[in-house]
Amino acid sequence: LDKMVKVKAFELRNKTSKELLKELDDMKAELAQLRVAKVSGGAASKLAKIKIVRKSIARILTVYNQKQKAEARKQYAGKKYMPLDLRPKKTRKIRRALKTEQKYAKTQRTKTR
């Protein structure tokens, strides 16, 4: 497990979700070992490695979650309804406001006047 160095996000993006999850498990296992080493008075190099492994786990999770969200967006593209977390955030006021075509819609009576 010593061969593992800092993972790079652009390298992770080329991997499949399964590969990412496998790498995540490896990293978590390594982190557990490093924590054991920390308690049992391990070498300074191992203690320094804890931070690198933690950041690597965060990178893997970030890329994985981005992939999941992109898949979800692809799945719901062109559908009538979309999950709330895929809709544009904007502000509550903007989301509640009338759409442009509704705002400028005129009744038959005002059109003929």
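Pick from K80, K103, K51: which is most flexible by mean-square fluctuation in a GNM of the chain where alpha carbon atoms under 10 Å apart are linked?
Fluctuation is largest for K103.
Quick one: dipole size for the chain, taken about the Cα centre, charges +1 on Lys/Arg Cβ and -1 on Asp/Glu Cβ, in debye to the nearest 20. Present the calculation step by step, with values, prior to reporting the outcome.
Numbers: 35 positive and 10 negative charges, 282 e Å.
It comes to approximately 1360 debye.
What are the ³J(HN,Hα) values, in whole Hz, obtained from phi via the Karplus relation 6.51 cos²θ - 1.76 cosθ + 1.60 with θ = phi - 60°, for each residue of the range 96-113 in sequence order, with x given for Gly and Pro?
7, 5, 5, 6, 4, 5, 6, 4, 9, 5, 10, 6, 4, 5, 6, 5, 7, 5
Give me the percent of the accessible area of the range 1-98 that comes from carbon and sulfur atoms, probe 1.4 Å, all protein chains in place.
Values: 4490 of 7760 Å².
Carbon and sulfur together cover 58 percent of it.
Name the residue farthest towards the positive end of the dipole of the chain from the options T110, A72, S17, assuming +1 on Cβ of Lys and Arg, -1 on Cβ of Asp and Glu, about the Cα centre.
T110
Which Cα, out of L98, L84, V7, lies furthest along the positive dipole direction of the chain (beta carbon charges, K/R +1, D/E -1)?
Checking the options against the dipole of the chain, the answer is L98.
Need the C-alpha centroid separation for the range 33-52 versus the range 63-88, integer Å.
39 Å
With everything on Cα atoms, drop me the angle between helix 44-76 and the longest principal axis of the chain, reported from 0 to 90° to the nearest 10.
Taking Cα atoms only, the helix is inclined about 30 degrees.
Report, ordered by chain and residue number, the lysines lying within cross-link reach of K6, taken as a straight Cα distance under 17 Å and ignoring same-chain residues fewer than 8 apart.
K6 reaches K15, K22, K28, K46, K49, K51, K55.
For the chain, what are Rg and Dmax over the alpha carbons, in angstrom?
Looking at the chain, its Cα Rg and Dmax stand at 24.6, 87 Å.
If you keep only loop residues by DSSP, which chymotrypsin sites (Phe, Trp or Tyr not before Pro) in the range 1-81 have at most 15 other Cβ atoms within 10 Å of their Cβ?
Working: sites: F10, Y64, Y76, Y81; in loops: Y81.
Passing both the DSSP loop test and the Cβ count: Y81.
Does the range 74-113 come out rounded, prolate or oblate by the C-alpha gyration tensor, with a ≥ b ≥ c the root eigenvalues, rounded set by a/c under 1.5 and, if not, prolate when a/b is larger than b/c and oblate if not? Walk me through the numbers on the way to the answer.
On the way: a/c = 5.32, a/b = 2.12, b/c = 2.50.
Verdict is oblate for the range 74-113.
Taking the chain as the reference, fit the longest principal axis to its C-alpha atoms, fit the long axis of helix 17-39 to the helix C-alpha atoms, and give the angle between the two in degrees, 0 to 90, nearest 10.
The angle comes out at about 50 degrees.
The values are calculated or read from the model by the stated rules, or taken from the named source; none is laboratory data. Because the structure is a prediction, the values reported are computed rather than measured. Ideal geometry is used to build each Cβ from the backbone, glycine not excepted, and the neighbour counts take in all protein chains shown. Accessible surface areas use protein heavy atoms only, side chains included; no ligands, DNA or RNA. Shrake-Rupley method; radii C 1.70, N 1.55, O 1.52, S 1.80 Å.
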